[in-house]
Amino acid sequence: MPETKNTKNTWIKLICGASNEDIVAIEDLCAIYTAAGVDYIDVAAEESIVHAAKKGIKWAEEVYKNSPGLMISISDGDDIHFRKAKFDPTKCPPYCPRPCEKVCPTFAIDNYGIKENKCYGCGRCLNSCPLNLISEYEYNLSKDNLATTLQKIKPDAVEIHTDINRINSFTKVVNILKSSETKLDKISISCGLNQSIVKSQEPRDLLKALWERYEILDELNIPLIWQLDGRPMSGDLSRNTSKDTVKLFEKIGSDLPPGLIQLAGGTNEKTHGFLKSNNLPDGIAFGSYARKIMQPLIEVAHKNNKRLYEDPERIAFAIKKAKKFLEPWKVSEFK
Ligand code: SF4
Ligand code: SF4
């Protein structure tokens, strides 16, 4: 057996993105990562997106015998996970070397601006424009009619994106969940430290906020996941973002309320190496990085008017690549 630091299988979630509505890419991503063995897939709270995700999952379920649960992302207020970027292409000078286009992981940017359906608000392009032409805007698919959305979609799990200071709106969202009578296997609470506000939040503020939420959720008797967002939607996939995520976990992980602990917001191929072998989280969630390594393959397939999973050679390559990326988190893969 090859040497590995991991002593337990870690639960893995693919994050397709709370504002990602690139239906064809979502279908392929769900097919690839279901085949590679993820446990849950998190998508935007919209019927057509859920339908696409289920198609991809179904393809892989039949061939690879893995059935991840489907989670939808909702929020209790304004949240950077629910945004997209835009700019007016008529203002771009012809000599611009187009750094925005180069940093976009989903190839959403071209000469006509940003294709809304391909942008999932990762934020990488926001500071790339030397003329500051790019801005963000809110894009929340379930905000206005959450109860109806839940009844139509019937997800296996939901993730509530919250902020330390939003306990009242969090309570309202939980009340909607209760009254919708949606049968859920799990509720995930995604919260991180907001460093952009005037007084930066501290890990102890986050802990207090999560315990407050635990008191509200406890009576539901649904297993909880605490998703620690190290650097939510920073657009940064570097080593340092990954280190921030691990640091936050090491600081407060042992004091969190009962439930599974999952890391996100800055997780990438380096994250496992930064963790101590005797202190691993229960779960890991991958968004930007998981999509970035697959997007070029997906683009080629779509240019040929195919889903990637309709191309046996390329899908086999994509699944191999996804498995390699997830390998450190799966002990059983080494057996
Ligand atoms: S870089 Fe991110 S935020 Fe910008 S257009 Fe691409 S997906 Fe959207
Ligand atoms: S970097 Fe700015 S000016 Fe250049 S193409 Fe992108 S949005 Fe336009």
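Coordinate-derived values only; no laboratory data. Bear in mind the structure is a predicted one, so any value in this text is a computation, not a measurement. We place every Cβ from the backbone using ideal geometry, glycine too, and count neighbours over all the protein chains shown.
Students often forget the sequence filter, so: which aspartates and glutamates lie under 18 Å Cα-Cα from K86 once same-chain residues fewer than 8 apart are removed?
The qualifying aspartates and glutamates are E21, D22, D78, E101, D110, E116, E136, E138.
Assigning unit charges at the beta carbon (Lys, Arg +1; Asp, Glu -1) and nothing else, what dipole magnitude in debye, to the nearest 20, does the range 66-162 show about its Cα centre?
360 debye
Per-residue counts of other Cβ atoms within 10 Å, averaged by peptide: what ranking do you get for 63-70, 30-37, highest first?
Those peptides, ordered most packed to least, come out 30-37, 63-70.
Filter the cross-link list K102/K251; K54/K292; K208/K321; K65/K276 down to pairs whose alpha-carbon distance in this structure exceeds 30 Å.
Cα-Cα > 30 Å for K102/K251; K208/K321; K65/K276; rest within.
Rank the residues T245, T162 as a footprinting-exposure proxy: fewest other Cβ atoms within 10 Å of their Cβ go first.
So the residues, fewest neighbours to most, are T162, T245.
Using only helices, what value at 222 nm comes out for the chain when you add -39,500 (n - 2.57) per DSSP H run of length 4 or more and divide by the total residues, to the nearest 500 deg cm²/dmol?
Calculated at 222 nm, the ellipticity per residue is -11000 deg cm²/dmol.
Quick one, what does Rg over Rh come out to for the range 83-138 if you take C-alpha atoms and the Kirkwood Rh?
0.90
For the chain, just the Cα set please: Rg and Dmax, both in angstrom.
Both quantities, over Cα of the chain: 19.3, 60 Å.
Can you give me the Cα centroid spacing of the range 121-142 and the range 208-232 in angstrom?
29 Å
For the chain, just give the cysteines left without a disulfide-compatible partner, judged by no other Cys Cβ under 4.7 Å.
C16, C30, C92, C96, C104, C119, C122, C129, C191
Just order 87-95, 258-266 by mean Cβ neighbour count inside 10 Å, highest at the front, would you?
On the way: 87-95: 10.0, 258-266: 22.2.
Sorting 87-95, 258-266 by mean packing, highest first, produces 258-266, 87-95.
About the Cα centre of the chain, what is the dipole size in debye to 20, counting +1 per Lys and Arg Cβ and -1 per Asp and Glu Cβ, all else neutral?
Working: 47 positive and 45 negative charges, 181 e Å.
Charge dipole, the chain, about its Cα centre: 860 debye, nearest 20.
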